[in-house]
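Read-outs: derived from the displayed coordinates by stated rules, not from any lab. All values derive from a computational prediction rather than experimental measurement. So basically every Cβ, Gly included, is an ideal-geometry build from the backbone, and we count neighbours across all protein chains shown.
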Amino acid sequence: MNMYLHGDGGSHIFLSDTLDKELLIESGLDRELTTERQELKKIITEKQFDVVLTNPPFSMKYEENKPDEKRILEQYEIAILGNGLARSLKSNIMFIERYHDLLRPGGKLLTVIDESVLNTEGQGKMMQKFRKWLREKFIVRAIISLPKNTFVNADAGVKTSVLYLTKRKNTTEEQPKVFMAISENVGHNDTGRITSEWGDLGEILKSFKKFQNAIGKSKNIDVTGGMIHKVKESLEITQLGIPSLIINCGKSGNLKKAILGREVKGTLIK
């Protein structure tokens with residue numbers, strides 16, 4: 001930040017409307033901002049990225065009845081999923097399409113997102129159409145539900161999840177098993193007071209690594225535990241069109257069979 005404030009020229013911090021795919025350079029923009037906008041436009045036009053790591057704003061809204069915002073809405077595929085151009089779209093889903101544009105095939109997206117995107121209809125059933133679009137464009141790798149107090153220190157109480165996606169390499173790429181977990185402690189309490197360094201996030205990360213490395217050929221099996229929570233999570237993930245199998249890890253040998261990719265008994269939710 002100090003380098004940016006002193007105009008070093010190498011910070012690569014740009015001022016622009018992130019959701020404007022055209023990166024319009026308005027008339028009357030001062031020389032420095034014009035140069036920066038031109039540089040940003042060149043970078044984004046010529047390059048794709050391996051990873052997008054982000055926590056975007058959720059509640060911004062772009063409306064068709066405002067000319068400047070309509071120009072941006074018209075750039076989005078998801079804005080025409082219904083009958084004609086959407087009257088408005090929230091930034092929470094627009095950012096997902098923007099990240100898709102910026103990623104190379106196989107590139108990774110890790111984003112914090114409000115859970116309305118995952119498990120509600122919303123915006124005139126727009127969310128259902130959006131989730132279908134998302135499955136067509138991305139592979140869903142993991143969903144980690146965060147406690148409501150996660151962003152209490154930022155005066156935000158929106159229920160959020162971490163969503164891990166990879167951009168599809170082709171339309172025939174198969175959707176594999178999905179890791180799901182529920183965090184109940186991110187290291188602070190409801191007042192924002194620090195209670196631990198990582199809360200339960202460290203254990204969730206360990207579980208995710210085991211999930212990636214240990215599970216063989218079995219598909220759509222989740223072994224992260226917590227029956228009541230897991231039923232809730234499984235019902236939510238069906239909104240993405242992905243079936244899941246809840247297995248009883250208390251039954252001798254069941255967990256081992258799942259890890260080895262063998263057939264197990266459980267409750268299929270789809």
TODO: Above 15 angstrom, tally the Cα pairs of segment 40-111 and express them as a % of all pairs, no decimals.
DONE: 59 percent
Open item on the list: What's the ranking of 18-29, 159-170 by average number of surrounding C-beta atoms within 10 Å, highest first?
Closed with: 159-170, 18-29
Task: Pairwise Cα inverse-distance average, inverted: Kirkwood Rh of segment 141-214 (Å) - done: 13.9 Å
- [ ] Would you list the P(r) distribution for segment 81-202, with all Cα-Cα distances sorted into 5 Å bins from 0 and each bin expressed as a whole %?
- [x] 2, 10, 18, 20, 17, 15, 10, 5, 2, 0
- [ ] For segment 7-133, just the Cα atoms, rotate onto the principal axes and tell me the three extents in Å, largest first.
- [x] 47, 35, 22
Task: Potential lengthening between residue 154 and residue 197 on full extension [0.36 nm per residue; Cα-Cα distance subtracted] - done: 13.7 nm
